[in-house]
Amino acid sequence: MESKTRTVAELVAARWGDHRPGLWCGELTLTQHESAAGAAARAALLADLLPRDAVRHIGVLLDNTEEFPLWLGAAALAGAAVAGINPTRRGAELARDILHTECPVLVTERARLPLLADLDLPGIRLLVTDTPEYAALLAPYAGAEPDPSRATPADRLLLYFTSGSTGAPKAAICSQGRLAAAGQALVRQFGVRAQDVHYVCMPMFHGNAVIADWAPALAAGAGVALRRRFSASGFLADVRRYRATYFTYVGRAVQYILATEERADDRDHVLRLGFGTEAGAVDAAAFERRFGVRLVEGYGSSEGGAAIQWAPGTPPGAVGPAAPGLVVLDPATGRECPPAAFDATGRLLNGEQAIGELVNRAPNPFEGYWRNPAAEAERRRAGAYWTGDLFYRDAAGYLYFAGRGDDRIRVDGENLAAAMIENIVSRYEGAAAVAVYGVPDPVTGDQVMATIAGSFDPAGFADFLLAQPDLGTKMAPRFVRVVERMPVTATNKIHRALLRKEGHACADPVWWRPPGESSYRPLTREDAEAARQQGRA
C-alpha cells in the first residue's frame, strides 16, 4: 500500500500478480491475483450489462460468499456502486430497498430466490451466482485485467442501509475516496500487515464489515476469510482454520461468543485484535481474559459524520477523547451540555443536564443519503453533523456513550442513560446478553425495563442490584423479561425497536418489582391491568 492511493479501484488492481492466498470462503481459496482477476471479469461484464442511461448501481443480495467482495472490487473498477440488500427484509420492504437504490442489476444466489418470487421488480436483471447460466455469462470475460483508470475518488462505491429503528432505512453513500482513506487509516491505526488475515463474520451488506474489515485488508494486501453467517459456536474454529489475526464485531456478537463453553485451549490461536462497538467494558475484559485478545471499542456513525477513537488513558466506561469539533449539545436549545459529574463509585450524578446529542462541528466525510434530502437535512443542521446518538462528556474531555437517540429513558423527570444501566446489569452472572430500554409509565415518562438472555433468579437478581454501588436510585429495572436468545437485527444488533414495541405484553416470562418493593415477582395479567388502571386514575 502507498499513501498516494486514492481509489478502491487502485487497491484492487494492486493485487494483480500477487499469488499469495488472499480469499477464503468455506472450501474455496483464491489468491490475491485470482481475486483481482475475478473482480476485473465482473467489471467487464457489468460494463456490458448496465444500460447506457442507467444509474451505475448494482444490488447485491448475498450472504458472505466470495462473490460479495468480488463484486465490490468489480464495482470499484467499473466506477459503479454496490447497494447491499438486507436479506432479512421481506415483501414490499425488500422491493422498496431494491427499487429505491435504482439497481438495473441484482446479484443473488439460489437460496435467496424465494424472497424475490412475488416481488414486482420491473427492468431489473437477476444474476444468480451459483448457476451454470451465471458461469457461462462470465466465461467470455475471464481474460480481463483490472484497469483502475476509469475510477475517481468521488465515484459512489457503496450504498448501505442504516439500521435505524423507525421509518424506512436510509441508503448512506460512501465514495471510493472515502473507503480507500478509511481502509488506509485503519492499516495505520492497527498496524495491519500483508501477512495478516481478516476474519469477516459480520454481514457484508452492512458498512461495518466492508469499511472496518474488508477495506483495511485490501489496503494492506492482507487476506480475507469469510463466514457465510455469524456463528458463535464456529467462531474459534474458523479463527484457527484461517489463522485469522483480526476481526470486527457489531452489537452483541461478543456476548454470544462468551456464552459458548469454555475450553482449556481457548487461547490456542493467532488472533490478536477485535475492533467494534457496543461490546461493553465488562465483556471486553472477559473476552481478553478468556481468549487473550484485546477488543478495541470505537464509535463511528454509519454515515461517517463522526468518529471517536480509543486512546491510552481513556477512563473505564468511556469511548475515547473528543476530537476537535465533537461536542455534546442539548437538542432542544442547541447549547453545549455541562460536563458530567460522578460520585466516588462512578455513578453519573447529573444525567438530566449532561446527556445530550453528539454533534460534529468540524469538517467531516458525510456524503449524504441516496434520494433522501429530508434525512440529510436532519443530519446537517446549523453547519454541523448531528449523529442522533446520546453521549455525555467528562471534565477531561472523554466521551461516554449513553444510547441511541430513542434510548433515552426519562424516570420521574430525570434522564437516564440506557447504556450505563445496561453495562451494570451485564455484570449479573446469569446474563449472556442484556438490553435495557424504556417502556411507558402509566402516569408520565418511562419505566426501566430489561431483557436478559440467560438464566434468571429473581431473589438473586434483586440482591445483585443492591450490591451495585453505581446503580442510581431510579435505575433498577421495574420489569425484567427473560428470553432464551436475544432478538437481533440482521447486523447482530439487539432489536430494541421490537423489544420496546412489545414491552411487557409479550409471550416470554416477565418479572416485575412493584412500586415501593425491592423484590421481583412474576407479572400477572392482573398486575398489568392494575398498572393500566393506575394510569387512568
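The values are calculated or read from the model by the stated rules, or taken from the named source; none is laboratory data. The model shown is predicted, which means the values in this text are computed figures rather than measured ones. No Cβ is skipped: glycine too gets one built from the backbone with ideal geometry, and neighbour counts run over all protein chains shown.
Do we find that Leu358 is surrounded by 19 or more Cβ atoms within 10 Å (Cβ to Cβ), farther than 30 Å from Lys170 by Cβ and out of contact with any Gly (no Cβ under 7 Å at 6 or more places or on another chain) in this structure?
So Leu358 does not fit the description; no.
Please go through the range 433-464 and pick out each residue that is crowded, with 22+ Cβ neighbours inside 10 Å and of a type in the set (A, V, I, L, M, F, W, C).
Matches in the range 433-464: Ala433, Val434, Ala435, Val436, Val448, Met449, Ala450, Ile452, Ala453, Phe461.
Filter the range 49-88 down to the residues that are in contact (Cβ under 8 Å) with a residue 24 or more places away in the chain and among the charged types (D, E, K, R), then identify the one that is nearest to Ala135 (Cα to Cα).
Glu67
Those residues that are in a helix (DSSP H, G or I), among the aliphatic types (A, V, I, L, M) and under 18 Å from Gly84 (Cβ atoms), I need them from the range 205-237; list them, please. Give the steps one after another, and end with the answer.
Narrowing the range 205-237 to residues in a helix (DSSP H, G or I): 207-220, 232-237.
Among the residues that remain, those that are also among the aliphatic types (A, V, I, L, M) are: 209-212, 215, 217-220, 232, 236-237.
Of everything in the range 205-237, those that are in a helix (DSSP H, G or I), among the aliphatic types (A, V, I, L, M) and under 18 Å from Gly84 (Cβ atoms) turn out to be Ala209, Val210, Ile211, Ala212, Ala215, Ala217, Leu218.
If a residue has to be out of contact with any Phe, Trp or Tyr (no Cβ under 6 Å at 6 or more places or on another chain) and at pLDDT 95 or above to count, how many in the range 150-171 make the cut?
8
Restricting attention to strands (runs of 3 or more DSSP E) lying wholly within the range 64-150, give those where 2 or more residues are under 19 Å from Pro51 (Cβ atoms) and not assigned by TED's automatic domain parsing to the domain that holds Ala43. Write out each step before concluding.
Values: elements: 81-84, 105-108, 125-128.
In the range 64-150, no matching strands (runs of 3 or more DSSP E) lie anywhere.
Those residues that are more than 17 Å from Ala332 (Cβ to Cβ) and touching a residue at least 24 places away in the same chain (Cβ under 8 Å), I need them from the range 377-395; list them, please.
Listed by number, the residues that qualify are Arg379, Tyr385, Arg393, Asp394, Ala395.
Can you find, within the range 317-340, the residue that is surrounded by the most Cβ atoms within 10 Å (Cβ to Cβ) among those that are under 20 Å from Asp412 (Cβ atoms) and out of contact with any helix residue (DSSP H, G or I) (no Cβ under 7 Å at 6 or more places or on another chain)?
My answer is Asp330.
Could you tell me which of the residues Met420, Met486 is in contact (Cβ under 8 Å) with a residue 60 or more places away in the chain, within 21 Å of Ile257 (Cα to Cα), crowded, with 21+ Cβ neighbours inside 10 Å and within 25 Å of the chain's Cα centre (by Cα)?
Numbers: Met420 fails: within 21 Å of Ile257 (Cα to Cα).
On inspection, the qualifying residue turns out to be Met486.
Looking only at the range 266-314, count every residue that is aromatic (Phe, Trp, Tyr) and surrounded by fewer than 19 Cβ atoms within 10 Å (Cβ to Cβ) and tell me the total. Walk me through it before giving the result.
Going residue by residue through the range 266-314, those that are aromatic (Phe, Trp, Tyr) are 275, 287, 291, 299, 310.
Narrowing the set further to residues that are surrounded by fewer than 19 Cβ atoms within 10 Å (Cβ to Cβ) leaves 310.
The total comes to 1.
Scan the range 509-527 for residues that are in a loop (DSSP other than H, G, I, E, B), surrounded by 12 or more Cβ atoms within 10 Å (Cβ to Cβ) and of a type outside the set (A, V, I, L, M, F, W, C) and jot them down.
To start, the set of residues in the range 509-527 that are in a loop (DSSP other than H, G, I, E, B) comprises 509, 513-520, 523-524.
The next check asks that each one be surrounded by 12 or more Cβ atoms within 10 Å (Cβ to Cβ); those that pass are 509, 513-514, 519-520, 523.
Answer for the range 509-527, where residues must be in a loop (DSSP other than H, G, I, E, B), surrounded by 12 or more Cβ atoms within 10 Å (Cβ to Cβ) and of a type outside the set (A, V, I, L, M, F, W, C): Pro509, Arg513, Pro514, Ser519, Tyr520.
Pairs only if they're at least six apart or on different chains, beta carbon under 7 angstrom, first in the range 246-271 and within 16 Å of Ala285 (Cβ to Cβ), second β-branched (Val, Ile, Thr) and crowded, with 24+ Cβ neighbours inside 10 Å; list them, first residue then second.
Close Cβ pairs satisfying both conditions: none exist.
Determine the pairs where a residue that is among the polar types (S, T, N, Q), located within the range 506-521, has a partner that is modelled with pLDDT of 90 or more and not in a strand (DSSP E or B) with Cβ atoms under 6 Å apart, the partner being 6 or more residues away or on another chain.
Pairs that qualify, where the first residue is among the polar types (S, T, N, Q) and the partner is modelled with pLDDT of 90 or more and not in a strand (DSSP E or B), are Ser518/Ala462; Ser519/Ala462.
Residue-by-condition table, conditions (1) over 20 Å from Met486 (Cβ atoms); (2) surrounded by fewer than 22 Cβ atoms within 10 Å (Cβ to Cβ):
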{"position": "Arg228", "(1), (2)": "yes, yes"}
{"position": "Arg241", "(1), (2)": "yes, yes"}
{"position": "Tyr246", "(1), (2)": "yes, no"}
{"position": "Gln255", "(1), (2)": "no, no"}
{"position": "Thr260", "(1), (2)": "no, yes"}
{"position": "Arg263", "(1), (2)": "yes, yes"}
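Taking interchain pairs and intrachain pairs at least six residues apart, which have beta carbon atoms under 9 angstrom, with the first residue in the range 424-437 and among the acidic types (Asp, Glu) and the second modelled with pLDDT under 95 and not in a loop (DSSP other than H, G, I, E, B)?
Note: pairs meeting the criteria are Glu429/Gly454.
Only one of Thr162, Thr260 is of a type in the set (Ser, Thr, Tyr), touching a helix residue (DSSP H, G or I) at 6+ places or on another chain (Cβ under 9 Å) and within 20 Å of Tyr299 (Cβ to Cβ). Can you tell me which?
Being of a type in the set (Ser, Thr, Tyr), touching a helix residue (DSSP H, G or I) at 6+ places or on another chain (Cβ under 9 Å) and within 20 Å of Tyr299 (Cβ to Cβ) holds for just one of Thr162, Thr260, which is Thr162.
So which of Glu27, Glu67, Glu109 ends up being surrounded by fewer than 22 Cβ atoms within 10 Å (Cβ to Cβ) and under 19 Å from Leu127 (Cα atoms)?
Residue meeting the stated conditions: Glu109.
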